[in-house]
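The structure appears below as structure tokens.
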Amino acid sequence: MREKVVVFTGAGVSAESGLGTFRDAGGLWHEHSVYDVATPEAFARNPELVLSFYNERRSKAAAAEPNAGHRAIAELEQGFDVVVVTQNVDDLHERAGSSRVIHLHGKLREARGSDHPEAVRDIGAEPINLGDLCERGSQLRPNVVWFGEEIHHVDAAVREIRAADRLLVVGTSLSVYPAAGLLGDAWNAREKVIVTLDLDDPPRGYEWRRGKSAELLPGLVAEWLAFPPG
């Protein structure tokens, strides 16, 4: 049986493909207030603004390309049982070749009914317009997690993290909760590595490799594949 590697990724991985992040200097929150574009109340108040904001994000995500960090994570599957748990809403992991990806915060390329969260459809890079309805009759909205909403697939993510032999955390400052709190369930992981530029408080038990994922992950993955377990 192959070792299980869980890779937990954050916005820094996508940023290296040119996608804007919310919290960095000059990031998306400097252009828009969270209260205007990323809450259910904002959508109820001004759906056209919210849809326009996410239509632009969806278009930019579709135009972006996976970087060397995404590709290195996908290459881990050559020697390990790999599950990616991501806070990112783009599909760059899948396009890089990762076969098992759990999206905690939803997917930009999906739309759902505003009153019917179970009515989900894949729209690719297409925009959502006011008046576009799901099959059950409610206005379509992005299938992403807004502030105040529950994150997706928590139980599945916890199961994978608890079963991990190795845990690789990439491109996150571990400041986004409750998602970051899931890492406390990595009870069995005998090796824990975090690859990120900035970290206020490195978590106990982790090896911190400071730098960009596109620069550091290819070497790390090569190390792991060159010396498989056993």
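Could you pull out every one of the strands (runs of 3 or more DSSP E) wholly within the stretch 111-230 that has 1 or more residues that are closer than 22 Å to ARG71 by Cβ? Step through it out loud before you land on a result.
Working: elements: 120-122, 140-144, 166-170, 191-196, 207-210.
Where strands (runs of 3 or more DSSP E) fall fully within the stretch 111-230 and carry at least 1 residues being closer than 22 Å to ARG71 by Cβ, they are 166-170, 191-196, 207-210.
Quickly run through the stretch 123-149 and pick out the residues that are within 17 Å of the chain's Cα centre (by Cα) and either free of Cβ contacts under 8 Å to residues at least 40 places away in the same chain or more than 21 Å from ALA61 (Cα to Cα) (or both). Within the stretch 123-149, ASN143, GLU149 meet the criteria.
Any idea which residue in the stretch 16-48 is farthest from GLU65 (Cα to Cα), counting only those that are hydrophobic (A, V, I, L, M, F, W, C) and at pLDDT 95 or above?
First pass over the stretch 16-48, keeping only residues hydrophobic (A, V, I, L, M, F, W, C): 19, 22, 25, 28-29, 34, 37-38, 42-44.
This time we only want the ones that are at pLDDT 95 or above, so: 42-44.
Values: ALA42: 30, PHE43: 29, ALA44: 33 Å.
Filtering first and then ranking leaves ALA44.
Against the criterion of being crowded, with 20+ Cβ neighbours inside 10 Å and either touching a residue at least 24 places away in the same chain (Cβ under 8 Å) or not assigned by TED's automatic domain parsing to the domain that holds PRO178 (or both), ALA96 qualifies.
Anything in the stretch 59-110 that is among the polar types (S, T, N, Q) and outside any helix (DSSP H, G or I)? List them, or say none. Please lay out each step first, then the result.
Of all residues in the stretch 59-110, those among the polar types (S, T, N, Q) come to 59, 67, 78, 86-88, 98-99.
Those that are among the polar types (S, T, N, Q) and outside any helix (DSSP H, G or I): ASN67, THR86, GLN87, ASN88, SER98, SER99.
Every residue, every condition in (1) crowded, with 17+ Cβ neighbours inside 10 Å; (2) touching a strand residue (DSSP E or B) at 6+ places or on another chain (Cβ under 7 Å); (3) at pLDDT below 95, yes or no:
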| position | (1), (2), (3) |
| --- | --- |
| ASP155 | no, no, no |
| ALA163 | no, yes, no |
| THR172 | yes, yes, yes |
| TYR177 | no, no, yes |
| ALA180 | yes, no, yes |
| LEU183 | yes, yes, yes |
| ALA189 | yes, yes, yes |
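The values are calculated or read from the model by the stated rules, or taken from the named source; none is laboratory data. Just so you know, these numbers come straight off a predicted model, no measurement behind them. All Cβ positions, even for glycine, are placed from backbone atoms using ideal geometry, and neighbour counts span all protein chains on display.
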